[in-house]
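Please read the structure below before turning to the comments.
The values are calculated or read from the model by the stated rules, or taken from the named source; none is laboratory data. Worth saying up front: this structure is predicted, and the values here are computed from it rather than measured. Counting neighbours? That spans all protein chains shown, and the Cβs are built from the backbone with ideal geometry, glycine included.
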Amino acid sequence: MIALEKRPQPSQFWTFAAPIVAVILTMIFGAALFGLLGKPPIEALGKIFWEPLFGEFNFFYLPQLLIKGAPLVAIALGLSLGFKAGIWNIGAEGQYIIGALCGAGVALALYPMEARWLIFPAMLFAGAFGGFAWAMIPGVLRVKFGTNEILVSLMLVYVAEQLLASMALGLMKNPEGFGFPGSRNLSQYSSASSWIDQSNGMHWGVVIALIGVIFAYILFAKHILGFQIKLAGQAPRAAAFSGVSPARLILFCLGTSGALAGLAGLTEVAGPAGLVSIDFNVGYGFTAIIVAFLGRLHPVGILFAGALMALTYIGGDVAQSSLGLPKAAIQVFQGMLLFFLLGVDVLTNYRVRIKQGVVA
Amino acid sequence: MFGSIDPLLLLASLMVAATPILLAAIGELVVERSGVLNLGVEGMMITGSIVGFIAAITTGSPWLGFIAAALSGAAISLLFGILTQYLMSNQVATGLALTLFGLGLAALLGQGYLGVKAPAFPDWHIPLLGDIPVIGPIIFQHDPMVYVGLAIVAGVWWFLKKTRAGLVLRAVGENHEAAHALGYHVVRTRLLAIMFGGACAGLGGAYLSIVRVPTYADSLTAGAGWIALAIVVFASWKPGRLLLGAYLFGGVTVLQLNLQAAGVQFPVILLALSLIAVGVAGLISLWRKDRLKSLGSAVSVALVAGGTICIPLLSGKMAPLKVEYLSMSPYIATILVLVIMSASGAPGSLGKIFHASR
């Protein structure tokens, strides 16, 4: 009889190996899925994972890796703080939208003034603050009323989406846009554009994501707050006795993740997306949940996981245009990845033992 | 101002609007009473909605559609069950995975079915009862699934309260170590509960695509699964109160849709909405022991929420209220309700991992 035995400490080996095994399993089952859809399985995998990196047109796809990876990494970093402490912010998509709206609002209010030194920093501040404030709603409600932050943060995604729709069609609509929905183009407004080098996919969101990785690494490796976050997640009672304030921790984790998501949203809207439109958000806030887990809630891991997830987005587009693979197949693929990761993870915390003839 | 809204029609559509949430919520209630938190309701609902829709279209029978939806919901919930019960994965993370996976799967399956119309599912005109004036059209002239939903709620109440198996399920949910020590099968009980929850969520989703809308569209559920989760909290894990909660939300949904159609001017509607919020909050606080405190917090929250809606609107002078702000109301109402009903009465082992070490 096969039995599981709890390990005294999580296995070092499986901590690293689990994501890799999960990716391999997902590729195998993904290939089977593509086969079921009537697409050549191996070729489809090649289109997704090989073509964007080493194919003929990789000069076009590699910059996309930065563009798609940056928001995923930035949001996932923020989420990982809370996930470590058992605080579940799953409304990053909403914070992303509100950050973008606040930052874009600053730029649109000052248009057509040219003062990059003033406008762009003000946008960054507004974007971060918008995301922060939106995340504070579940934060404060949790601290003051004990409200479930999972449900509140998620409900606020739908509220934010409606707000975005009303802004794109109303207040922020381009007055010179011939009646089309959507705001002025921010990426072409030189004081507001988040591009640094458009041809290489470099924009301020990439810089923010990388700085975020460094800060998160230092936080967990060197700072007492990082230790407290881990402690609160693993042993809440011990954390309480050692004087960690749960309220402060909740507000810090939610606030930071909100601010990072807001910054990601702002840099997206002022760069790759270009303008505030009804559907400029493409679900990075939800995919970032997968990125955070796949990266083992570790800053460096998240960097790699973000790159991999960005690759599935880009490769999915390649496979869509060349093989006609439906876009939704990539969504299923990403969902499968999280399932496999969570399943394989049992080996990190448990040992498989073969027992003989014991009555359960 | 409200002249274009027929109160009778409003009340009649309330039961229909509440049914999908009611079905999903009653399933989740059983799951949570067994000590498992499955956040994948949204994913199971959307899976049920597309599988049920396809089955109904291909066979031409809505009933077969509902059966297929329940089976598919149970099947996909089993993924969650195996991961959390046998592989001891984190329930929150696995539930999220189930939602993300379900949304993708439904989008994939639904490609050829966008905009197709579902086969007709005629209303039941219950003889005698349906002929009662006023009450008849409100309560007794709906499609059969409305009553199936009510029957499931009654069945769950009876099961949890009056049967031995229901007692075991509650024991497993309150304290899985103790239940295990008494010789009950914790994992088996939970797997069955999870599958029941999946089947109910599937039914709820199919009700959306076959009866309520009645067509399939991407992101058809639009958060209904999450609202169902909130209603379970609102109901303090009790079936009776769950029914009330679902009808309350059905009411909010119907009202905002009607207001959208009527194009009511802004000040009136704001007044109406905040009045409803305060009224509902007051009603709920009557149940609670610390009435004054919760009433105070309810009113303050209602005022804050009203205020936040006001600010963007005031800049738009007195223009008719935009559709988007009305569409927010079910979600804002959910948040309000969650604030007022702080989680009391949650099963003791809710969300905890069970691993029998011996």
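Per-structure values
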quantity: Residue match in the stretch A:301-323 (condition: closer than 29 Å to B:Leu87 by Cβ, free of Cβ contacts under 8 Å to residues at least 40 places away in the same chain and out of contact with any Gly (no Cβ under 6 Å at 6 or more places or on another chain)); calculated: yes
quantity: Pair list, Cβ < 6 Å and 6+ apart or interchain, from the stretch A:93-120 residues that are crowded, with 24+ Cβ neighbours inside 10 Å to residues that are among the β-branched types (Val, Ile, Thr) and assigned to a loop (DSSP other than H, G, I, E, B); calculated: A:Ala104/A:Val276
quantity: Residue, farthest from A:Thr312 (Cα to Cα), within the stretch A:25-46, restricted to residues that are hydrophobic (A, V, I, L, M, F, W, C) and out of contact with any helix residue (DSSP H, G or I) (no Cβ under 8 Å at 6 or more places or on another chain); calculated: A:Leu36
quantity: Odd one out for A:Met136 among (1) touching a Cys at 6+ places or on another chain (Cβ under 8 Å); (2) within 14 Å of chain B (Cβ to nearest Cβ); (3) surrounded by fewer than 24 Cβ atoms within 10 Å (Cβ to Cβ); calculated: (1)
quantity: Test set (1) under 19 Å from A:Glu268 (Cα atoms); (2) touching a Leu at 6+ places or on another chain (Cβ under 9 Å); (3) surrounded by fewer than 22 Cβ atoms within 10 Å (Cβ to Cβ) - A:Phe129 fails condition number; calculated: (2)
quantity: Wholly enclosed helices (runs of 4 or more DSSP H) of the stretch A:255-360 bearing at least 1 residues closer than 15 Å to A:Leu79 by Cα and either modelled with pLDDT of 85 or more or at the interface with chain B (Cβ under 9 Å from one of its Cβ atoms) (or both); calculated: A:284-294, A:299-323
quantity: Failed condition for B:Pro133, given (1) more than 14 Å from chain A (Cβ to nearest Cβ); (2) in a helix (DSSP H, G or I); (3) of a type outside the set (Gly, Ala, Ser); calculated: (2)
quantity: Scope the stretch B:70-84; condition polar (S, T, N, Q) and within 11 Å of chain A (Cβ to nearest Cβ); matching residues; calculated: B:Thr84
quantity: B:Gln256 vs. criteria in contact with a Ser or Thr (Cβ under 6 Å, 6 or more places away or on another chain) and within 14 Å of chain A (Cβ to nearest Cβ); calculated: yes
quantity: Members of the stretch B:128-162 that are out of contact with any Phe, Trp or Tyr (no Cβ under 9 Å at 6 or more places or on another chain), surrounded by 17 or more Cβ atoms within 10 Å (Cβ to Cβ) and of a type outside the set (A, V, I, L, M, F, W, C); calculated: B:Pro137
quantity: In the stretch A:19-62, the residues that are within 25 Å of the chain's Cα centre (by Cα), assigned to a loop (DSSP other than H, G, I, E, B) and over 28 Å from A:Met202 (Cα atoms); calculated: none
quantity: Helices (runs of 4 or more DSSP H) contained in the stretch A:115-224 and holding at least 3 residues over 30 Å from A:Lys84 (Cα atoms); calculated: A:116-145, A:149-169
quantity: Breaking point among (1) away from chain B (no Cβ under 14 Å); (2) aromatic (Phe, Trp, Tyr); (3) outside any helix (DSSP H, G or I), for A:Phe16; calculated: (3)
quantity: A:Val206 being more than 30 Å from A:Ala247 (Cβ to Cβ), touching a helix residue (DSSP H, G or I) at 6+ places or on another chain (Cβ under 6 Å) and away from chain B (no Cβ under 14 Å); calculated: yes
quantity: All positions within the stretch A:82-113 that are under 16 Å from the mean Cα position of the chain (by Cα), in a helix (DSSP H, G or I) and under 13 Å from A:Gly265 (Cβ atoms); calculated: A:Ala92, A:Glu93, A:Gly94, A:Gln95, A:Tyr96, A:Ile97, A:Ile98, A:Gly99, A:Ala100
quantity: Selected residue (criterion: farthest from the other protein chains (Cβ to nearest Cβ)) from residues of the stretch A:1-13 that are part of a loop (DSSP other than H, G, I, E, B) and out of contact with any Ser or Thr (no Cβ under 7 Å at 6 or more places or on another chain); calculated: A:Gln9
quantity: Residue, farthest from A:Arg248 (Cα to Cα), within the stretch A:159-183, restricted to residues that are within 10 Å of chain B (Cβ to nearest Cβ) and free of Cβ contacts under 8 Å to residues at least 40 places away in the same chain; calculated: A:Gly170
